[in-house]
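Asks: Pasting a structure below so you can have a look.
Read-outs throughout are calculated quantities, based only on the coordinates presented, and are distinct from any laboratory measurement. Note that the structure is predicted; figures quoted are calculated from it, not measured. Heads up, the Cβs are rebuilt from the backbone with ideal geometry, glycines too, and the neighbour counts pull from every protein chain shown.
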Amino acid sequence: MKRVIVDYAKLTTNILDLLVEKYPEGYEYDDIITFQNSKGATISAVEVRTDDTIYLVKISTKLEKTMESYSEDEDSFNSNDFGFEEGGSF
């Protein structure tokens, strides 16, 4: 299974759909995964999965606000605004 770390700036509507579906009321402290990346930095993220990929989406206040807005209006988010490229593997 492929594993991908995704930053807020690299969200797609597909990943955002997964986040809103899994965490419709927002994520809780127990949902947060903390790990060190290859550079030794501590990362906090929430996990969503597809059949072939595990996404660890880095958490931030921007992510929370985007999830809230998107759950209310799916047209409020445009991944093209961020020049999306899939995040790096871990």
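Asks: Past 18 Å, Cα to Cα: identify those pairs from K22/K65; K22/K58; K2/K62; K10/K58; K10/K62, in the order given.
Replies: Where the Cα-Cα span goes over 18 Å, the pairs concerned are K2/K62.
Asks: Right, here's the next one. Between I33 and E68, with labels modelled 7 Å along Cα→Cβ, what's the label distance in nm to one decimal, could you check?
Replies: Roughly 2.6 nm, to one decimal.
Asks: Taking the mean number of other Cβ atoms within 10 Å as a proxy for protection, how do you rank 4-10, 26-32 from highest to lowest?
Replies: 4-10, 26-32
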